1. Run the accessible area of the chain with a 1.4 Å probe and give the carbon-and-sulfur part as a rounded percent.
2. Could you give the distance between the Cα centres of region 204-278 and region 147-168, to the whole Å?
3. Under the Kirkwood approximation for Rh and a Cα-based Rg, what ratio Rg/Rh is obtained for region 79-122?
4. Evaluated at 20 °C with a viscosity of 1.002 mPa s, what Stokes-Einstein diffusion coefficient in µm²/s does region 1-132 have when Rh comes from the Kirkwood expression over alpha-carbon pairs?
5. Compute the relative contact order of the chain as a whole-number percentage, counting only Cα pairs closer than 8 Å that sit 6 or more residues apart in sequence.
6. Once the mean 1/r over all distinct Cα pairs of the chain is inverted, what Kirkwood radius in angstroms do you read off?
7. In square nanometres, what is one fourth of the surface area of the convex hull spanned by the alpha carbons of region 1-70?
8. Tell me which aspartates and glutamates have Cα within less than 13 Å of residue 190's Cα, excluding those fewer than 8 residues away on the same chain?
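The values are calculated or read from the model by the stated rules, or taken from the named source; none is laboratory data. Predicted model, so just to flag it, every value in this text is computed and none were measured. Note that each Cβ is placed from the backbone with ideal geometry, even for glycine, and that neighbours are counted across all protein chains shown. Quick note on the areas: whole protein, heavy atoms, side chains included, nothing else; ligands and nucleic acids left out. Shrake-Rupley method; radii C 1.70, N 1.55, O 1.52, S 1.80 Å.
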Amino acid sequence: MNWRDFQTMQRVAEIDEGFVSYLDDGAGEPVILIHGIPTWGYLWHQLIPELVKTNRVLAPDLIGFGYSDKSDRFDRSIARQAELINDWMDTIAVQRAHIVAHDIGGGVALRLATLFPKRVMSLCVMNTVCYDSWPIEAMLQFGHPETRTKLSAATAMSLLKRALKQGFASSVDDYLIEGLLAPYTTEVGKLSLIRNAAALNTNLTTEITPLLPKINVPTLVIWGEDDEFQLLKYAQRLVSDIPNAVLVRVKDARHFVMLDRPGEVAGHVSHFLTQELH
């Protein structure tokens, strides 16, 4: 599925903070897929066809990301994003869901699992931010307010394309990279992404570290072994801290493990969800 087709399938839900664009497909117990920075719901397009065979799949664009509200007027931190996912679930009448998440979306998911535990049926995180593993230097620099005037949208996208390619284990189709960055190619999109980067805060994962042992839902940690941004040692620490968590290491995969090894990752997630359905 190309990104334009994915975007046309999105719905819109109004919440107090603005609006959320999201894909809603399939039937069965709900699975919510949460992307990271600098991507959007399209990140999951290669997993969705497998997951919709057994589940209702919901892939929101976090506020400030993708085709959700990008007004320059709200908190984009992972703490607020978790609260907004909670609000969005109320709006679309989903009480509980399996949560699958990546990168800062994983940080959102960990906050949901620790602070909104009634929302989470099971948890799967992939190459997620956690503890003090983040933010990386490139995102810190991108989030500086002066970036708005120093970089045009075109220049910013060129830099981000090069950075994104480092997250893959091998050469990646330029069209895929363009799809991941498509919502940010305008000046409005660029500014929103800058604000998103400015909201990255390691304190919002370190503060929930003491709560991780209280997560009592089935948990799967999937990790591309060659990730240069989120190192494997953090995955190992997560499975040590979260009771009954299982680690799946994916070889020849970096940060974007679901795009480096889509079939393998889809199989792991599908098997995990199928186990939790019985």
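1. Details: 5460 of 11130 Å².
Carbon and sulfur atoms account for 49 percent of the accessible area of the chain.
2. Measuring centre to centre over Cα atoms gives 28 Å.
3. 0.92
4. 148
5. It comes to 20 percent, rounded to a whole number.
6. Values: mean 1/r = 0.0544 Å⁻¹.
In the chain this quantity evaluates to 18.4 Å.
7. 4.5
8. Hits, sequence-local ones excluded: 72, 146.
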